[in-house]
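S.K.: Following this message is one structure expressed as structure tokens.
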Amino acid sequence: MARKLNFRTGSSISRFAAPIKLLAHRFIFLFLILTAIGTMLLARADSIAVEKASVIVTDLFSPLLGFFSRPAATINGAVQKFEDLVRLHSENERLKAENRRLKDWQMVARDLASQNRSLRSLMAFTADPKSRQISARVVGDSGGAFVRSAIINAGTRDGIEKGQAVITGDGLAGRIIAVGLQSARILLVTDINSRVPVLVETSRDRAILAGNNSGQPKLAFLPVIAAVKEGDRVVTSGHGGVFPPGLPVGTILNAGDGTVRIAPFAQLDRLEFVRVLSYEKIVPPPTTGSRILSKRNVSPP
Amino acid sequence: MTTSLSQRLEKIARDYVPIAITVFFTILSATPLYLPGYGMIAANLALMAIYYWAVYRPDLLSPLAAFCIGMIYDFLVGTPPGINALVFLLVRALVSRRGGALQGKPFITLWLGFVGVSLSASLATWVISVIWHLTFLNPLPIVFQAGLTIGVFPFVCWLLVWTQHKTLSV
């Protein structure tokens, strides 16, 4: 009797389970499509959950990315060594000439530094906060046609934080937008979502360096009366407190046709090693309104 | 005849070969080659693997697997999460439905099928990216990427055929 009951229960379960399984198979596809669209919308709204998922996956795969990028890095290093060997003589001559020029500059710089020190002590000048540098290797490249970002093999355990500036030996590369334990993602200055406050070194005109996914980001919000010309150096302004001031960004390419574009100093399309600046951000003082309010709270009438 | 535990474990391991290979290709797609400009036109190796397994062994690459691989791809490459998950899911669904027509056909037919899939996937990625960014994006990089992906397909396909013969043809 018990066996008969079990058999009946089993057959009835399978009778019910079969259509449910079929239904689940039919709807799983639709469910996954909706999940993909939902994830896109959440990512658009800067969802913390999506960012965390991205950080976890990147962290998990970064050792593998580092491992697989080794052969390419070795070949790249060998090619560069060969190129260096080929132009050894001309490079030596160029460096000798540069060394002579730099020695002259060193004398000028020493003189200016001592002058600067004495003037600063006279004026009780508050110096910019010092920055610490963390070196890292690029282990993940942007394989997307519409993204300019990279993954590095350093994370929170190395002192990397979100928002820090990333530089190469030549100039600004971008900023950290997501950090995991052992990896971090850099948003390059050329990415369409990148905005960096900059100023033109000679004219001191402020602007925003806006990425456009091309190799030549443009200068937005540049004053109409700005006296900029081709070849002018562009550096970070330090406004907003995210980037330290004075980091070299690039040179102005064309300033005539309304849109001012710049050529970044850093070779962003073949990044291998970068330095992350651990910069002590400047905390803005409280506004007058909030000061009045806090005073009121401290000493009520 | 009963199968031993080791045989059963081997069977399970073999069944996961398509997913493992596709994940491996996804990692390779995000690996830097330190070549100027390569990053933006890097061949989409994961798409080739999705297409191949959807034609020959769709039973071993479920829609859930295609979705998860797409998400991993998005997270590693840095594209807005969900774009490639959606594209891989659609490619897997469409190709597995018509995969029978491509099985046993000469390689050129398989390649032509991939040309259609790659171009459609690129167009879909471009359209979704434009909507996501709410701005016009230059489609040229993705055209180059599609071209490179199509050009590299025969070599990757040879590797996939070899893998299938070595691991799944028992």
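S.K.: Give me the net charge for the shell around A:R110: Cβ to Cβ below 15 angstrom, other residues only, Lys and Arg +1, Asp and Glu -1.
M.R.: Residues close to A:R110 contribute a combined charge of 0.
S.K.: Under a 10 Å cutoff between Cα atoms, tell me which one of B:M71, B:M40, B:M48 has the largest fluctuation in the Gaussian network model of chain B.
M.R.: B:M40
S.K.: Run lengths n ≥ 4 of DSSP H only: what is the helix-derived mean residue ellipticity at 222 nm for chain B, with -39500 (n - 2.57) per run over all residues, to the nearest 500?
M.R.: Result for chain B: -25500 deg cm²/dmol, rounded to the nearest 500.
S.K.: In terms of the Cα gyration tensor, with a ≥ b ≥ c the square roots of its eigenvalues, is chain B rounded because a/c is under 1.5, prolate because a/b exceeds b/c, or oblate?
M.R.: Note, shape of chain B comes out prolate.
S.K.: What is the set of long-range amide H partners of A:N254 at a cut-off below 5 Å, with H atoms built 1.01 Å from backbone N?
M.R.: Distant-sequence amide H within range of A:N254: A:R261.
S.K.: Right, here's the next one. So, with +1 on the Cβ of K and R and -1 on the Cβ of D and E, and no other charges, what is the size of the charge dipole of the range B:5-167 about its Cα centre, to the nearest 20 debye?
M.R.: Working: 9 positive and 4 negative charges, 87 e Å.
Approximately 420 debye in magnitude.
S.K.: Moving on. Using modelled backbone amide H atoms (1.01 Å from N, in-plane), which distant-in-sequence or interchain residues come within less than 5 Å of A:A220's amide H?
M.R.: The list, which skips near neighbours in sequence, is A:I208, A:L209, A:A210.
S.K.: Additional query: Please build a GNM for chain B, connecting alpha carbons under 10 Å apart, and tell me which residue among B:L47, B:L148, B:L89 fluctuates the most.
M.R.: Of B:L47, B:L148, B:L89, the Gaussian network model singles out B:L148 as fluctuating most.
S.K.: Compute the Cα gyration tensor for the range A:59-123, then decide on rounded, prolate or oblate, letting a ≥ b ≥ c be the square roots of its eigenvalues: rounded whenever a/c is under 1.5, prolate when a/b is larger than b/c in the other cases, and oblate in all that remain. Don't skip to the end; give the middle numbers.
M.R.: Working: a/c = 10.87, a/b = 1.60, b/c = 6.81.
In terms of gyration-tensor shape, oblate.
S.K.: Sort out for me the Cα centre separation of the range A:54-92 from the range B:1-55, rounded to whole Å.
M.R.: Centre-to-centre (Cα) distance: 24 Å.
S.K.: Run through the range A:67-129 and list the chymotrypsin sites (Phe, Trp or Tyr not before Pro) located in a DSSP loop whose Cβ has at most 12 other Cβ atoms within 10 Å.
M.R.: Passing both the DSSP loop test and the Cβ count: A:F125.
S.K.: Moving on to the next point. Once you charge only the Cβ atoms, +1 for Lys and Arg and -1 for Asp and Glu, what is the size of the charge dipole of the range A:133-279 about its Cα centre, to the nearest 20 debye?
M.R.: Once rounded to the nearest 20, the dipole reads 240 debye.
S.K.: Ok, one more. If you plug each phi of the range A:147-159 into the Karplus form 6.51 cos²θ - 1.76 cosθ + 1.60 with θ = phi - 60°, what whole-Hz ³J(HN,Hα) values come out, in order, with x for Gly and Pro?
M.R.: Per-residue couplings from phi come out as 10, 10, 9, 8, 10, 10, 8, 9, x, 4, 5, 9, x Hz.
S.K.: For peptide B:82-90, what's the mean number of Cβ atoms from other chains within 10 Å of each residue's Cβ?
M.R.: What the average comes to for B:82-90 is 5.
S.K.: From the residues A:M107, A:A97, A:V86, which one has its Cα farthest along the dipole of the range A:59-123 in the positive direction, the dipole being from +1 and -1 charges on Cβ of Lys/Arg and Asp/Glu about the Cα centre?
M.R.: Of A:M107, A:A97, A:V86, it is A:M107.
S.K.: Okay, moving on. Find how many whole Å separate the alpha carbon centroid of the range A:214-260 from the alpha carbon centroid of the range A:130-208.
M.R.: Here the answer is 17 Å between Cα centres.
S.K.: Between B:F155 and A:L88, what is the label-to-label distance in nm when each label sits 7 Å out along the Cα-to-Cβ direction?
M.R.: 3.2
S.K.: If you find the alpha carbon centre of the range B:90-138 and of the range A:93-111, how far apart are they in angstrom?
M.R.: The two parts, judged by their Cα centres, are 58 Å apart.
S.K.: Could you compute the net charge surrounding B:S4? Neighbours are other residues with a C-beta less than 14 Å from the C-beta of B:S4; K and R count +1, D and E count -1. Provide the component values of the computation, followed by the final result.
M.R.: Working: positive: B:R8, B:K11; negative: B:E10.
The answer is +1.
S.K.: What are the residues whose amide H is under 5 Å from the amide H of A:A178, where those residues sit 5 or more places off or on another chain and H is modelled from the backbone?
M.R.: Residues meeting the amide H criterion: A:R185.
S.K.: Tell me, what HN-Hα J-couplings in whole Hz come from the Karplus equation 6.51 cos²θ - 1.76 cosθ + 1.60 at θ = phi - 60° for each residue of the range B:117-126, using x for Gly and Pro?
M.R.: 5, 5, 5, 5, 4, 5, 4, 4, 4, 5
S.K.: With a cut-off of at most 15 other beta carbons within 10 Å, and DSSP calling the residue loop, which trypsin sites (Lys or Arg not before Pro) in the range A:70-108 qualify? Please list them. Walk me through the intermediate numbers first.
M.R.: Details: sites: A:K81, A:R87, A:R94, A:K96, A:R100, A:R101, A:K103; in loops: A:R87.
Passing both the DSSP loop test and the Cβ count: A:R87.
Every number here is computed from the coordinates shown, using simple stated rules; none is lab data. These figures come from a predicted structure and were not determined experimentally. Glycine gets a Cβ as well: all are built from the backbone with ideal geometry, and neighbour counts include every protein chain shown.
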